[in-house]
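Read the structure below first, then the notes.
The values are calculated or read from the model by the stated rules, or taken from the named source; none is laboratory data. The structure presented is a predicted model; accordingly, all values stated were derived computationally and were not measured. Glycine also receives a Cβ, built like all others from the backbone with ideal geometry; neighbour counts cover every protein chain displayed. Ligands, DNA and RNA are excluded from the accessible area calculation, which covers all protein heavy atoms including side chains. Shrake-Rupley method; radii C 1.70, N 1.55, O 1.52, S 1.80 Å.
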Amino acid sequence: MEETGGITSASLSRERFFAGMPEPHLAALAATADSVQVPAGHRFFTEGGPARRFWLLRSGTVTLDLQVPGRGAVVVESLPPSSVLGWSWLFPPHRWRFGAVAPERVTAFRFDGAAVRELCAADSRLGRDLALRFAQVMLDRLEATRVRMLDLYAHPGEPR
């Protein structure tokens, strides 16, 4: 993984995930982040490992996988650019519930989870704003899972 330097509140403000966030919050979050480039094949994290960071993908895709007995890592979702990768850093016991790997070169903003939790504890408005943004990500992923389940278990000829 190659670090490419720090980021600014202006660079965060251009990302959909942070749209409309107040500048002081963006500046505080930017101070916890850096820009990284990872090669194809890079594993961001493994299911069950300590969750210490999250990423905002700027280019490339990342696949989420789940360990299935007898089958190994099974891809359950592919995240495109502009996606947030990782929310387990936010919830105790801060362990990854999935694994994540870059099937291609990825550039991303990487955030220090512990530092962001400290910011949220010190500023309840920032904490609420960020929690709502992550809740929306979780709702979107849950909906995508529901659609995949309908496709998987629908009977042939049944309307979807």
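Pairs are defined by a Cβ separation below 8 Å, a sequence spacing of at least 6 or placement on different chains, a first member in the stretch 126-143 that is closer than 25 Å to T32 by Cα and of a type in the set (A, V, I, L, M, F, W, C), and a second member that is at pLDDT below 95 and open to solvent by 30 Å² or more (accessible area, probe 1.4 Å); the pairs so defined are A131/L90; F134/W87; F134/L90; V137/W87; M138/W87. One residue is enough: does the stretch 48-66 have a residue meeting the conditions farther than 26 Å from L12 by Cα, assigned to a loop (DSSP other than H, G, I, E, B) and free of Cβ contacts under 8 Å to residues at least 40 places away in the same chain? No, the stretch 48-66 has no match at all. Screening the stretch 143-160 for residues that are of a type in the set (K, R) and at pLDDT 70 or above and picking the one that is least open to solvent (accessible area, probe 1.4 Å) gives R148. R52: closer than 20 Å to A114 by Cβ and of a type outside the set (A, V, I, L, M), yes or no? Considered against the rule, which asks whether it is closer than 20 Å to A114 by Cβ and of a type outside the set (A, V, I, L, M), R52 comes out as yes. A single member of F91, F98 is surrounded by 13 or more Cβ atoms within 10 Å (Cβ to Cβ) and at pLDDT below 95, and it is F98.
In summary, F44 fulfils each of the numbered conditions (1) of a type outside the set (S, T, Y); (2) in contact (Cβ under 8 Å) with a residue 24 or more places away in the chain; (3) open to solvent by 30 Å² or more (accessible area, probe 1.4 Å); (4) not in a loop (DSSP other than H, G, I, E, B) with the single exception of condition (3).
Rundown of residues vs (1) free of Cβ contacts under 8 Å to residues at least 60 places away in the same chain; (2) touching a strand residue (DSSP E or B) at 6+ places or on another chain (Cβ under 7 Å), yes/no style:
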| residue | (1), (2) |
| --- | --- |
| R97 | yes, no |
| V101 | no, yes |
| E104 | no, no |
| V116 | no, no |
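Restricting the stretch 67-83 to residues that are within 11 Å of the chain's Cα centre (by Cα) and not in a strand (DSSP E or B), the residue that is surrounded by the most Cβ atoms within 10 Å (Cβ to Cβ) is S83. Restricting the first member to the stretch 76-88 and to residues that are without any contact (Cβ under 8 Å) to a residue 60 or more places away in the chain and closer than 7 Å to L57 by Cα, and the second to residues that are open to solvent by 10 Å² or more (accessible area, probe 1.4 Å) and of a type in the set (K, R), the beta-carbon pairs closer than 8 Å and six or more apart or on different chains are P81/R58. Total residues in the stretch 113-132 satisfying the condition of being exposed (fewer than 15 other Cβ atoms within 10 Å of the Cβ) and either of a type in the set (D, E, K, R) or not in a helix (DSSP H, G or I) (or both): the figure is 3.
The residues in the stretch 1-38 that are closer than 23 Å to E104 by Cβ and open to solvent by less than 70 Å² (accessible area, probe 1.4 Å) can be counted, and the count is 12.
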